[in-house]
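Notes follow the structure.
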Amino acid sequence: MKVRTILFSLAAMLGVSSGSAHEAAKEMADAAKVWLQALSDDQRKLATYELTDETRENWHFVPKPFEGEDMRIGLTLKDMEPQQRHLAYALLSTGLSHRGYLTSTQIMSLEHVLWEMEQDPKRNTEMYYFTVFGEPGADAWGWKMEGHHLSLNFTVADGKVVSATPNFFASNPGKIPQGQRKGLQVLAREENVARRLVQSLNDEQKTKAIFEEKAPRDILTSAESTVKSLGDAGIPRSELNEDQQKNLMQLIRVYIKRTRDKVARDDLAAIEKAGLDNIKFAWAGGTEKGDQHYYRVQGPTFLLEYANTQNDANHVHAVWRDFDGDFGRDVLKEHFQKHHGKEKAE
């Protein structure tokens with residue numbers, strides 16, 4: 001198919017309303033098909049894997065090597081033609097909200113800031129990998145986009161987006177100290193909303209919420225493929241006043257609303273169903289701006305985890321995880337048992 005025809009197809013596809021998770025799934029499938037169709041055979045081989053390939057759950061946020069056994073899978077922006085990159089960005093936009101898309105592209109742009117600071121060739125704004133697992137539009141498939149400080153994972157089953165986790169955003173520098181973009185703080189909401197909450201606590205509340213005087217060096221779950229509860233530390237939502245409870249929910253929405261609206265609303269509904277009063281907010285480290293700090297928000301089904309300790313508290317890692325649903329595990333297990341009589345497809 002000629003590039004011009006592909007672009008017209010993409011334009012028509014983007015005209016579809018984003019009113020439901022089913023429509024979101026259709027837009028993802030259409031965008032993935034258009035992008036894959038624009039690739040050469042060799043490029044497509046790099047970009048596509050089986051849904052059951054174990055590498056789908058092998059994710060990370062560090063700048064991995066550009067070659068060798070430990071390199072990321074997928075097709076990089078660097079190895080795409082300009083028109084193919086536009087189609088890759090279109091796919092990316094089908095999974096994210098406006099703010100999520102803006103934030104992800106800003107995170108990628110920070111690689112150039114690091115290159116200016118370090119002159120290190122591994123800092124490259126084009127070393128972000130796009131990968132499709134399974135066949136877009138099939139009864140079960142998925143896709144991911146990943147590189148340094150960014151990992152976005154989406155799973156579709158039975159025509160609906162069923163998982164948007166792990167979802168990892170990070171920022172280095174946390175706030176750009178100098179140069180043309182001095183003052184840009186890509187993950188400002190993740191920091192400021194949480195600090196407002198911890199500073200609003202009274203002394204009794206702080207004794208429950210602040211579980212360590214010193215913050216851990218990084219998020220405790222790192223890039224593990226599966227995560228479990230990190231324990232009972234923290235103050236329950238039920239022990240917060242009304243304004244603090246609103247602040248806590250605002251913080252949760254900062255993470256969830258990285259994804260497009262209907263997908264985010266489904267995730268929020270699942271959190272509410274599991275019980276809002278079972279959610280806990282936990283903090284470690286200093287509470288003033290510039291202090292090294294860490295926090296997490298944990299409920300029965302999910303975990304939001306944040307750390308800003310490296311580079312004199314100017315290097316942020318912030319992740320959203322689902323205990324059972326990362327990579328769509330829970331739904332895919334049920335799907336394969338129902339449609340294939342087993343936990344995984346051949």
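Each value in this text was obtained by applying a stated rule to the coordinates, not by laboratory testing. All values reported here derive from a predicted model rather than from experimental measurement. Positions of Cβ are generated from backbone atoms using ideal geometry, with glycine treated the same way; all protein chains shown enter the neighbour counts.
Going through the range 180-258, which trypsin sites (Lys or Arg not before Pro) have at most 10 other Cβ atoms within 10 Å and a DSSP loop state? Show your work: numbers first, answer last.
On the way: sites: 181, 182, 189, 195, 196, 206, 208, 214, 217, 228, 237, 246, 253, 257, 258; in loops: 181, 182, 214, 217, 228, 257, 258.
Filter output for the range 180-258: 182, 228.
Quick one: among 307, 318, 138, which has the greatest mean-square fluctuation in a GNM of the chain with alpha-carbon springs under 10 angstrom?
Comparing 307, 318, 138 in a Gaussian network model of the chain, the most mobile one is 138.
Could you list the GluC sites (Glu not before Pro) in the range 69-132 that lie in coil according to DSSP, counting only those with at most 14 other Cβ atoms within 10 Å of their Cβ? Spell out each step's value before the answer.
Working: sites: 69, 111, 116, 118, 126; in loops: 69, 126.
Filter output for the range 69-132: 69, 126.
To the nearest 20 debye, what is the magnitude of the charge dipole of the range 25-83 about its Cα centre, counting +1 on the Cβ of each Lys and Arg and -1 on the Cβ of each Asp and Glu?
The dipole of the range 25-83 has a size of about 220 debye.
Which of the three applies to the range 3-165, rounded, prolate or oblate, going by the alpha-carbon gyration tensor with a ≥ b ≥ c and a/c under 1.5 meaning rounded?
Working: a/c = 1.56, a/b = 1.44, b/c = 1.08.
In terms of gyration-tensor shape, prolate.
Under 1.5 on a/c is rounded, so check that first for the range 71-174, then, if it is not, pick prolate when a/b is larger than b/c and oblate when it is not; a ≥ b ≥ c are the square roots of the alpha carbon gyration tensor eigenvalues.
Details: a/c = 2.19, a/b = 1.73, b/c = 1.27.
It comes out prolate by the Cα gyration axes.
With 25 Å as the limit, write out which pairs from 26/257; 26/175; 160/273 have Cα-Cα distances beyond it, or answer none. Display every interim value, and only then the final one.
Working: 26/257 20 Å; 26/175 37 Å; 160/273 19 Å.
Correct reply: 26/175.
For a quick check, take a GNM of the chain with Cα springs below 10 Å and name the residue from 62, 263, 34 with the largest mean-square fluctuation.
Comparing 62, 263, 34 in the GNM, the peak value goes to 62.
Rounded, prolate or oblate for the range 209-271? Axes are the square roots of the Cα gyration tensor eigenvalues, ordered a ≥ b ≥ c, and the cut-off for rounded is a/c under 1.5. Display every interim value, and only then the final one.
On the way: a/c = 2.06, a/b = 1.15, b/c = 1.79.
Judged from the Cα gyration tensor, the range 209-271 comes out oblate (a/c at least 1.5, b/c at or above a/b).
Alpha carbon centre of the range 303-329 versus the range 82-101: separation in Å?
Measuring centre to centre over Cα atoms gives 22 Å.
If you place +1 on the Cβ of every Lys and Arg and -1 on the Cβ of every Asp and Glu, how big does the dipole about the Cα centre of the chain come out, in debye to the nearest 20? Intermediate results must be reported in sequence, preceding the final value.
Working: 45 positive and 51 negative charges, 185 e Å.
With Lys and Arg at +1 and Asp and Glu at -1, about 880 debye.
Apply the Karplus curve 6.51 cos²θ - 1.76 cosθ + 1.60, θ = phi - 60°, to the phi angles in the range 209-217 and return the couplings in whole Hz, x for Gly and Pro.
6, 8, 9, 8, 6, 10, 7, x, 5
Which whole-number percentage describes the relative contact order of the chain, with Cα contacts under 8 Å and a sequence gap of 6 or more? Display every interim value, and only then the final one.
Working: 650 pairs, mean separation 61.7, N = 346.
Relative contact order, the chain: 18 percent.
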